[in-house]
1. When segment 160-181 is examined, which residues are found to be surrounded by 19 or more Cβ atoms within 10 Å (Cβ to Cβ) and under 12 Å from Q24 (Cβ atoms)?
2. Residues of segment 129-165 being of a type in the set (S, T, Y) and either in contact with a Leu (Cβ under 8 Å, 6 or more places away or on another chain) or touching a residue at least 12 places away in the same chain (Cβ under 8 Å) (or both), which ones?
3. All but one of (1) under 21 Å from the mean Cα position of the chain (by Cα); (2) under 25 Å from A67 (Cα atoms) hold for L142; state the number of the condition that does not hold.
4. What number of residues within segment 31-85 are of a type in the set (S, T, N, Q), surrounded by fewer than 13 Cβ atoms within 10 Å (Cβ to Cβ) and under 19 Å from V167 (Cα atoms)?
5. If you go through segment 32-91, how many residues are polar (S, T, N, Q), within 25 Å of T129 (Cα to Cα) and assigned to a loop (DSSP other than H, G, I, E, B)?
6. Hey, among the residues in segment 129-180 that are within 19 Å of D90 (Cβ to Cβ) and in a strand (DSSP E or B), which one's modelled with the lowest pLDDT?
Amino acid sequence: MKMHKVILALVGMAFLFASRASTQQVKTDYDRSAHFEKYKTYSWEHVRTADPLNVDRITHAVNGVLAARGWTQVDSGADVSIVAMEITRDQHTLNTFYDGFGGGWGWRRFGGGGFGEATTTTDTYKVGTVVVDLFDTKTKQLIWRGAASDTLSVNSEKNIKNLDEGVDKMFKHFPPGATKK
């Protein structure tokens, strides 16, 4: 009986850790009337983040993907202005584990015995989101938005890797309407 509880506790912990290993969420949207083929240059308007070290990390990641798509960063007079922000929030997950040792319906000798015990725990973790907005500099209209969210780690290297991957995924089909080669 004790061995069954240990096994169930281990299975429960495996589910707990599996739920924490979330997949990065990436979303993009754009103005369907914007003519992305006319945009070739960009400049940074603002990067808002709680950690000043992330300003360079975000700009470096975005600069890399835009340069790969033929866009050029300029100090002034750009076609597009970029605003980026980082948002961090607490996420809560409820995990319920059943020991299954109550018999259930008809499993015991006289058709019963209860449902067993359930234990519910709350797991709190940090989720970071990076939002990148591109505005037409002349009209000040939002033309494209990308957002990437992922669970934050205490390991800075892992967070930097997740940021780079998130920005790559964000700009995977950028600019909208571009033909694939």
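The values are calculated or read from the model by the stated rules, or taken from the named source; none is laboratory data. Quick caveat: nothing in here was measured; it's all calculated off a predicted structure. Neighbour counts run over all protein chains shown; Cβ positions are idealised from the backbone, glycine included.
1. Those that are surrounded by 19 or more Cβ atoms within 10 Å (Cβ to Cβ) and under 12 Å from Q24 (Cβ atoms): N162, L163, G166, V167, M170.
2. T129, T137, S149, T151
3. Status for L142: all satisfied but (1).
4. Here is the first cut: in segment 31-85, the ones of a type in the set (S, T, N, Q) are 33, 41, 43, 49, 54, 59, 63, 72-73, 76, 81.
Cutting the leftovers down to surrounded by fewer than 13 Cβ atoms within 10 Å (Cβ to Cβ) gives us 33, 72, 76.
Applying the additional criterion that residues be under 19 Å from V167 (Cα atoms) yields 72.
Count: 1.
5. Quick first cut of segment 32-91, residues polar (S, T, N, Q) only: 33, 41, 43, 49, 54, 59, 63, 72-73, 76, 81, 88, 91.
With the extra rule that they be within 25 Å of T129 (Cα to Cα), the set shrinks to 43, 49, 54, 59, 63, 73, 81, 88, 91.
Filter once more, keeping what is assigned to a loop (DSSP other than H, G, I, E, B): 49.
Of the residues in that region, 1 qualify.
6. Ranking the candidates gives T151 first.
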